[in-house]
1. How about segment 139-177: which trypsin sites (Lys or Arg not before Pro) there are in a DSSP loop, with at most 11 other Cβ atoms within 10 Å of their Cβ?
2. Among the chymotrypsin sites (Phe, Trp or Tyr not before Pro) within segment 87-161, which fall in a DSSP loop and have no more than 16 other Cβ atoms within 10 Å of their own Cβ?
3. For segment 78-138, with only Lys/Arg (+1) and Asp/Glu (-1) charged at the beta-carbon, what is the dipole magnitude about the Cα centre, in debye rounded to 20?
4. For an R0 of 41 angstrom, estimate the FRET efficiency from the Cβ-Cβ distance between GLU181 and GLU47 and round to the nearest 0.05.
5. Work out how much length ARG79 to ASN57 would gain on full extension: take 0.36 nm times their residue separation and subtract the Cα-Cα distance, in nm to one decimal.
6. Kindly provide the Kirkwood hydrodynamic radius of segment 33-156 in Å, to one decimal, from all pairs of distinct alpha carbon atoms.
Amino acid sequence: MPRSPIRAPKPTLDLTDHLFVFRQPIPGELASGSDTGSEIPFPPVPETLRSETVFGNDRPLEIEVGSGKGLFLTNESGRNPEHNFLGIEIIHKYAKHSAARLAKAGRSNAKMISGNAQPLLADRVPAGSLEAVHVYFPDPWWKKRHRKRRVVNESSVKSFLAALRPGGRFHFWTDVLDYFEATIEMIAEIAPEFGVPIPEEKAASSHDLDYRTHFERRSRQNQIPVYRVRYEKR
């Protein structure tokens, strides 16, 4: 299902405490942490992504890859204030929307990065430092020649495994059976340290936004099966 249109945050809403912008340097150009266009520059992404550098404390850190509209980050950071949450979203307007949701909710334990998660997880997250990695309803990239673009691939799974502490969790949900089955097989082959996938049950919802993500809400309301597992690093 395609993403629905979103409104840009009001220009008066200060997002500097909730949004980093990560630009990979172009050959011959200096790296920049500022935003694009005429917007106020946002803080550069710290060279090392951990609670101490991002939040100024030592609470357990969880990362969501592909945060979309930020529903998971907003809800989970409110339910679990003793943990920090960092979302990474490659589409800038969605990263800003998620940051605005966090700012409006007054979440001091959740922030967003606008940028590509793969180099950040591979190069800036210390080994064994994360409590959890969350990937919910990533783009399935239906065409076979595009499947290397999938968020959960061999390279990213190895990065997730390295970044997680022993006992740390990797959550993966999708409503695309082919993607689910291919991912389960791939993880079993290249990352045996994750052990067997543990099924996760859907939780009852008490109101219209009481879901893990907007995609989960749409899938469940349209009676589309959702495949949910988590792994726990050995």
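1. LYS143
2. Here the chymotrypsin sites (Phe, Trp or Tyr not before Pro) that fit, given the DSSP loop and packing criteria, are TRP141, TRP142.
3. Details: 8 positive and 4 negative charges, 75 e Å.
With Lys and Arg at +1 and Asp and Glu at -1, about 360 debye.
4. 0.60
5. 6.1 nm is the gain from fully extending ARG79 to ASN57.
6. With all distinct Cα pairs of segment 33-156 included, I get 15.0 Å.
Quick note: the coordinates plus some simple rules give every number you see, no bench work behind them. Quick caveat: nothing in here was measured; it's all calculated off a predicted structure. Counting neighbours? That spans all protein chains shown, and the Cβs are built from the backbone with ideal geometry, glycine included.
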